[in-house]
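The values are calculated or read from the model by the stated rules, or taken from the named source; none is laboratory data. Bear in mind the structure is a predicted one, so any value in this text is a computation, not a measurement. Cβ placement follows ideal geometry from the backbone for every residue including glycine, while neighbour counts extend to all protein chains displayed.
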Amino acid sequence: MSTPPPTTGRPQAKLELPASQHLLDRRISDREQPGWLQQVWDSPRTLVLTLRNRRAPVPARHSSAASALILQRPSGPLPAGMVYLGAAPESTLYGAGHDQSERVHLVLDASGQGPEDDPEVSWLSLRTALALLDPFHLGLFTQAVAISNWHATATFCGTCGHRTVVRSSGWMRFCSNCSTDHFPRMNPAMITAVVDGQDRLLLGSAYQWEERRFSTFAGFVEAGESLEDTVAREVREEAGVVVRDVQYLGSQPWPFPAQLMLGFLTRVENAEQARPDDDEIRSVRWFTRQGLAHAVSTGEVIIPPRGSISRALIEYWFGGQITGPDYGAGLSASTRARSS
């Protein structure tokens, strides 16, 4: 069944970004204290998120519709490589009726240990989880993958090559050889919805996807380049159109390997000159709201999964949710900027 276009033909009031909506008190001053992790591990108000190969556990019998991750109580000695994620109200984890003032500590165990052969547990990738998890758990999963990716690549000092050691409850690595502190870094990348003077949306299909999968345009910010310049350059390079207006809408972390996706709405002046670069982009196509809704509902076109910033940008322009067959998470436009 086709999704009817909004009667107003106007964008919705705000960009809906589930992974940006979770509220977690990161307790920065506390986590810098020596012994903080052990104190948290020993607390009865602590829950552990386990990652295995960047996958997180959900109940197996509900894995296709899971809204929450499996979080377990600490057991045994404090594992090596533990990271403090933050504190959240009981009501955030357990829903209405729980005490808003009571806080639960959340920690990450990325050692890969856990119920590997438990038939009651399924292990989901972040891409699969995008359209499934509630905003809090999706944000928690994103944070966990991002910090574990950083630890995997920051074992040695980038200045002198000496091995680093973990401090600040997993949020800093120190090189004792040259006394350099290393912190997690995020790489800025832009992603934009492109609209013409007729309020049509331009989407592109990349060669790395199947032909009917279309999404928004994305790319890394280069050295010495502003965000607006990046938007203009990437849109011109990938789609052949010239930007005349750039509006910032919101951001979303994307830890593959360490991006912060910065979302924009871009208006262009030469819609008739739209063409693919024939390098990354196979084809580009203008859509009206009614045309996109129909194409998605029939399966002619696949758009990114709900929960991704590319989907949020598309639905911001559309003015509401677009329904259609579920083809799984696939690859979003942000994947081009750059997935693992």
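Let's see how each residue does on (1) farther than 13 Å from Arg54 by Cα; (2) more than 26 Å from the chain's Cα centre (by Cα); (3) surrounded by fewer than 17 Cβ atoms within 10 Å (Cβ to Cβ); (4) without any contact (Cβ under 8 Å) to a residue 60 or more places away in the chain:
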{"site": "Ser125", "(1), (2), (3), (4)": "no, no, yes, no"}
{"site": "Ala129", "(1), (2), (3), (4)": "no, no, no, no"}
{"site": "Gly139", "(1), (2), (3), (4)": "yes, no, no, no"}
{"site": "Ser148", "(1), (2), (3), (4)": "no, no, no, no"}
{"site": "Ala152", "(1), (2), (3), (4)": "no, no, yes, yes"}
{"site": "Thr155", "(1), (2), (3), (4)": "yes, no, yes, yes"}
{"site": "Ser168", "(1), (2), (3), (4)": "yes, no, no, no"}
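Conditions (1) surrounded by fewer than 22 Cβ atoms within 10 Å (Cβ to Cβ); (2) in contact with a helix residue (DSSP H, G or I) (Cβ under 7 Å, 6 or more places away or on another chain); (3) not β-branched (Val, Ile, Thr), marked per residue:
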residue	(1), (2), (3)
Thr180	yes, no, no
Ile191	no, yes, no
Ser215	no, yes, yes
Glu225	yes, no, yes
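Scanning segment 31-52 for residues that are within 25 Å of the chain's Cα centre (by Cα), aliphatic (A, V, I, L, M) and not assigned by TED's automatic domain parsing to the domain that holds Gly139 turns up nothing. Screening Arg289 with (1) surrounded by fewer than 16 Cβ atoms within 10 Å (Cβ to Cβ); (2) over 25 Å from the mean Cα position of the chain (by Cα) gives one miss only, at (1).
Residue count for segment 196-244 under the criterion of being free of Cβ contacts under 8 Å to residues at least 60 places away in the same chain and touching an Asp or Glu at 6+ places or on another chain (Cβ under 9 Å): the result is 13. Taking each residue of segment 47-65 that is over 20 Å from Pro305 (Cα atoms) and looking for partners that are at pLDDT 90 or above and among the small types (Gly, Ala, Ser) with beta-carbon atoms closer than 7 Å, six or more apart or interchain, yields Leu49/Ala56; Leu49/Ala144; Leu51/Ala144; Leu51/Ser148. The listed residues are Glu300, Glu280, and the only one of them that is closer than 30 Å to Pro184 by Cβ and among the acidic types (Asp, Glu) turns out to be Glu280. Within segment 275-304, residues that are assigned by TED's automatic domain parsing to the domain that holds Gly319 and more than 16 Å from Arg200 (Cα to Cα) reach partners that are acidic (Asp, Glu) and surrounded by fewer than 17 Cβ atoms within 10 Å (Cβ to Cβ) with beta carbons closer than 6 Å, at six or more positions or on different chains, in the pairs Asp277/Glu237.
Considered as a group, the residues in segment 315-340 that are over 14 Å from Ser205 (Cβ atoms) and β-branched (Val, Ile, Thr) include one that is modelled with the lowest pLDDT, and that residue is Thr323.
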